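Please read the structure below before turning to the comments.
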Amino acid sequence: MIGGGVIGIEMAMIFQSFGSKITVIEAMPRILSFMDREISALIHKILVARGAEILSGVGLSKIENPREFKLILADGKNIEADSVLVSIGRTGDLSCLGGEGIQTERGKILVNDYMETSVPGVFAPGDINGKKMLAHAAFTMAETAAENAAVQLGLPGSVKKPDLDHVPSVVYCFPEAAAVGLTQEEAERGGP
Ligand SMILES: Cc1cc2nc3c(=O)[nH]c(=O)nc-3n(C[C@H](O)[C@H](O)[C@H](O)COP(=O)(O)OP(=O)(O)OC[C@H]3O[C@@H](n4cnc5c(N)ncnc54)[C@H](O)[C@@H]3O)c2cc1C
């Protein structure tokens with residue numbers, strides 16, 4: 001499993017429960033690095049207790065011989081695997097934007113707090129703006145964008161900003177892990 005984020009850990013636990021021997025390779029110092037240190041440490045412990053190997057703080061540099069999946073890590077370590085699942089993040093496909101003058105940054109469409117892009121009247125709620133890449137957040141952002149667009153057209157309603165500071169997130173591993181708001185580390189340093 002390349003990537004120890006939400007999807008990587010969910011899939012690692014699923015395949016582990018099917019009897020697969022799992023190795024998780026995570027470039028960050030710990031898996032689920034956006035979550036509280038205690039939570040990621042506990043999930044790490046559970047995975048290892050069930051037989052997984054977790055290599056964190058080291059990235060994959062290349063896959064040699066894709067047929068036999070010989071993986072070379074950044075520290076020179078070689079790993080062989082029967083299959084490899086790559087889950088190292090998602091980015092938007094902006095190829096359809098053409099030259100419309102919509103500002104983007106690293107695969108994301110830039111929006112203001114009202115979900116409006118740099119082109120007035122064009123809104124980009126959801127994953128494409130990279131603010132909170134979660135289904136329920138996308139839904140809330142889309143509702144807000146629709147209402148703000150309606151107000152611009154003179155329809156009844158009031159301009160709104162979605163609250164993206166208190167979005168719950170869940171890792172559907174077992175046991176499940178959930179969080180909302182700041183982690184302890186973020187709170188101690190005064191913010192995200
Ligand atoms: C494996 C996986 C597991 C996930 N699990 C969870 C979870 O448990 N909980 C959670 O909250 N979130 C989860 N997510 C994230 C969640 O799926 C997204 O945050 C959510 O789908 C974002 O909604 P969206 O409408 O912004 O984008 P999307 O759902 O990606 O929808 C975008 C749509 O636009 C279409 N499209 C793209 N380009 C064009 C184009 N040029 N013209 C027309 N149509 C186009 C695409 O085909 C797609 O249907 C998961 C994501 C993945 C990949």
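The values are calculated or read from the model by the stated rules, or taken from the named source; none is laboratory data. Note that the structure is predicted; figures quoted are calculated from it, not measured. Every residue, glycine as well, gets a Cβ built from its backbone with ideal geometry; the counts of neighbours run over all protein chains shown. The protein model used for the area step is the full one, side chains on, heavy atoms only, and it has no ligands, DNA or RNA in it. Shrake-Rupley method; radii C 1.70, N 1.55, O 1.52, S 1.80 Å.
The table for this structure:
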read-out: Fraction of beta bridges assigned by DSSP in the chain that are antiparallel (%, nearest 5); value: 70
read-out: Shape category assigned to segment 6-88 from the gyration tensor of Cα positions, a/c cut at 1.5; value: oblate
read-out: Segment 112-192: chymotrypsin sites (Phe, Trp or Tyr not before Pro) in DSSP loop, at most 14 other beta carbons within 10 Å; value: Tyr172
read-out: The chain - percent relative contact order, Cα under 8 Å, separation 6 or more; value: 16
read-out: Relative contact order, percent, segment 50-89 [alpha-carbon distance under 8 Å, six or more residues apart]; value: 27
read-out: Gyration tensor verdict on segment 1-152 (Cα atoms; rounded if a/c is under 1.5, prolate if a/b is larger than b/c, oblate otherwise); value: prolate
read-out: The chain - mean residue ellipticity at 222 nm from DSSP helices (-39,500 (n - 2.57) per run, n ≥ 4, rounded to 500); value: -8000 deg cm²/dmol
read-out: Segment 58-148: trypsin sites (Lys or Arg not before Pro) in DSSP coil with no more than 15 other Cβ atoms inside 10 Å; value: Arg67, Lys77, Arg90, Arg106
read-out: Segment 6-88, accessible surface, carbon-and-sulfur percent (1.4 angstrom probe); value: 56
read-out: DSSP loop GluC sites (Glu not before Pro) with at most 13 other Cβ within 10 Å: longest gap in the chain; value: 101-175
read-out: Charge sum, other residues only, whose C-beta stays under 15 Å from Thr140's C-beta, Lys/Arg counted +1 and Asp/Glu -1; value: -2
read-out: Cα gyration tensor shape of segment 98-152, rounded if a/c is under 1.5, else prolate or oblate by comparing a/b with b/c; value: oblate
read-out: Sequence-distant lysines (8 or more away, or on other chains) whose Cα lies within less than 17 Å of Lys108; value: Lys131, Lys132
read-out: Distance cut-off 21 Å, percentage of C-alpha pairs in segment 97-192 lying past it; value: 44
read-out: Residue-normalised accessible area of the chain, given per residue in Å² at a 1.4 Å probe; value: 60
read-out: Length added when fully stretched, Val86-Ala150, from 0.36 nm per residue minus Cα-Cα; value: 19.0 nm
read-out: Length gained when the stretch Glu176-Ser118 is fully extended (0.36 nm per residue, less Cα-Cα span); value: 17.0 nm
read-out: Estimated distance in nm for a label pair at Cys96 and Lys77, the labels positioned 7 Å out from Cα along Cα-to-Cβ; value: 4.1
read-out: For a label point 7 Å along the Cα-to-beta-carbon line of Ser158, residues of segment 115-136 with backbone N under 16 Å; value: none
read-out: Heavy atoms of Ser56: accessible area, 1.4 Å probe, square angstrom to 10; value: 40
